[in-house]
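Step one of this worksheet: look at the structure below.
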Amino acid sequence: MAEDLGGGDLSRLRQLNALAAIRTLRGEPALTVTEISRRTGLSRASTEDVVRELLDRGWVVETEPTTGTVGRPARRYRFRADAGHVLGVDIGGHKILAVVADLDGEPRHSSRVAVTPAMGRRERLAAVDQAVTDCLAGAGVAASDMWATGVATTGLVDGTGRVMLSDALPEWTGVDLAAHLGRLVAGPILVENDCKLAALAESWRGVARYAKDVVFLLAGLRTGTGLIIDGKLHRGFGNAAGEIGALPVAGWIRAQEQLKSWPDQPAGAAGDPDSIAADLFSAARNGDRRAASAVRRYVKDLAVGASALVLTLDPELVVIGGGFSRSADLIVEPLRRELDRWCIRTPEVRVSAFADEGVALGAVRLALDHVEQALRGGGQLASPDLFSRG
């Protein structure tokens, strides 16, 4: 009960009481002062003071009275999800996608900037700046209004927001994304591997939202994975959990080569892996035998690492995401048959419905997780309107 804490100044006490009220109101349609008081453990007088201040700050709004009640209805209050915002940023090989969302996770605006895998560090970071700036402007919010920002990137990421290792993007190893984004927006910057955040998005609002143990496979020009264990994103001791593709015998390095070795690729696609893959799947779908054979070899190699993960974790669900999920009609059934060959129990295999937006959505969820932890008293928030008043 925040109001009974001993020591500290009145400003901190007011912050704690306000946070207690916000935690109670979030996720509820509307509550009376009496209900807020009972749930927070604050006295009625303190609750009235807190609600009055939150109303004044615009964090809480009074709702319309319920019709059909006898006598004067009690005033009811609800939390305003748009009282604060979070930012999610997906830094990929082919796009930078930034999404501003409210505190319920509902997207308010998104901005996309096209990039290429060959871009160097400076050009890619400039594209990040443009996507973030455009997104904030489109959402009509200031950089200082961000409570937290989640950032997704390829490669291994350390706990400080620095990329420890990235083979997919030139000059990307060592880039300090937390420091770079910290110059653009207020609040904590949280950086995570893109496959892990895609898995987080599936567990939050995707096809895996009712599953507790999930293997997410990013199937594309590179292969990666994210693991959900007991409903939570699993990172491992050094944030490298699920990086089974680093083991050559797992087959994932070889899997991508199967697509590039298609002998009938169009001449104009030479050297362009995206065009090769798109033409290959299209040809296989239209009955080209050699294209279909290349897809089968790809799936067989993909299944080796996937089977190892399934045997290790015994997940309820395997989710296929990434660019190749658009060709799920050619991948899912062959993959399921391969899992049947190697696994003691084959989990359900489903396809992500997020297309290429799942990673950014996972970055939003990462930022929201931080906000919710802070509201429980376990972290910092950038929320000057609530905490600056002395």
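The values are calculated or read from the model by the stated rules, or taken from the named source; none is laboratory data. Every value quoted in this text rests on a predicted model; they were computed, and no experiment measured them. Ideal geometry is used to build each Cβ from the backbone, glycine not excepted, and the neighbour counts take in all protein chains shown. To get the accessible areas, we keep the full protein, side chains included, count just its heavy atoms, and leave off ligands, DNA and RNA. Shrake-Rupley method; radii C 1.70, N 1.55, O 1.52, S 1.80 Å.
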#### Entry: Helical segments meeting 20 Å axial Cα length and Kyte-Doolittle -1.0 threshold in the chain (DSSP H)
10-25, 121-139, 289-313, 328-342, 358-375
### Query
Antiparallel as a % of all DSSP beta bridges within region 130-201, to the nearest 5?
40
### Query
In the Gaussian network model of the chain, springs joining C-alpha atoms below 10 Å, which of Val249, Val349, Val89 carries the largest mean-square fluctuation?
Val249
### Query
Among all the aspartates and glutamates, which ones have a C-alpha under 14 Å from Lys212's C-alpha, if same-chain residues fewer than 8 places away are not counted?
Glu202, Asp230, Asp314, Glu316, Glu348
### Task
State in Å² the accessible area per residue of region 55-129; use a 1.4 Å probe, count heavy atoms of protein chains only, and round to the nearest integer.
51
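Per the 1.4 Å probe, what fraction of the accessible area of region 24-119, in percent, lies on carbon and sulfur atoms? Write down the numbers at each step before the final one.
Working: 2260 of 4740 Å².
That share works out to 48 percent.
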#### Entry: Listed values (1) 0.98; (2) 1.05; (3) 1.00, entry calculated as Rg/Rh (Cα atoms, Kirkwood Rh)
(2)
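Leaving out ligands, DNA and RNA, and with a 1.4 Å probe, what % of the accessible surface on region 239-357 is carbon or sulfur?
On the way: 3140 of 5920 Å².
After summing per-atom areas, the C and S share lands at 53 percent.
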### Task
Kindly work out what percent of the DSSP beta bridges joining two residues of the chain are antiparallel, to the nearest 5.
60
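Give the longest segment of the chain that steers clear of chymotrypsin sites (Phe, Trp or Tyr not before Pro) in DSSP loops with at most 10 neighbouring Cβ atoms within 10 Å, not counting the sites themselves. Please report the intermediate quantities before stating the final value.
Details: sites that count: Tyr210, Phe237.
The segment 1-209 is the longest one with no such site.
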### Query
Within region 180-234, which trypsin sites (Lys or Arg not before Pro) sit in a loop by DSSP and count at most 16 neighbouring Cβ atoms inside 10 Å?
Arg183, Arg209, Lys212
### Task
Restricting to region 67-190, compute how many DSSP beta bridges are antiparallel as a %, nearest 5.
65
### Listed residues Gly161, Gly224, Gly138, most fluctuating in the chain (Gaussian network, C-alpha, under 10 Å)
Gly138
### Task
Over region 186-300, average the accessible area per residue using a 1.4 Å probe and give it in Å², no decimals.
45
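Just need the relative contact order of region 215-364 here, percent rounded to a whole number, with Cα pairs under 8 Å and 6+ apart. Walk me through the numbers on the way to the answer.
Working: 206 pairs, mean separation 37.8, N = 150.
Normalised by residue count, the contact order of region 215-364 is 25 percent.
From Cα pairs below 8 angstrom and at least 6 apart in sequence, can you work out the relative contact order of the chain, rounded to a whole percent?
16
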### Query
How about Lys300: which lysines have a C-alpha closer than 25 Å to its C-alpha, ignoring those fewer than 8 places off in the same chain?
Lys196, Lys260
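GluC sites (Glu not before Pro), restricted to region 138-211: which are DSSP loop and have at most 15 other Cβ atoms within 10 Å?
Working: sites: Glu171, Glu192, Glu202; in loops: Glu171.
Here the GluC sites (Glu not before Pro) that fit, given the DSSP loop and packing criteria, are Glu171.
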## Note on the structure
Using alpha-carbon positions, the gyration tensor of region 294-365 gives root eigenvalues a ≥ b ≥ c; with a/c under 1.5 called rounded, otherwise prolate if a/b exceeds b/c, else oblate, the class is oblate
### Query
Separation of region 195-215 and region 122-170 by C-alpha centroid, Å?
22
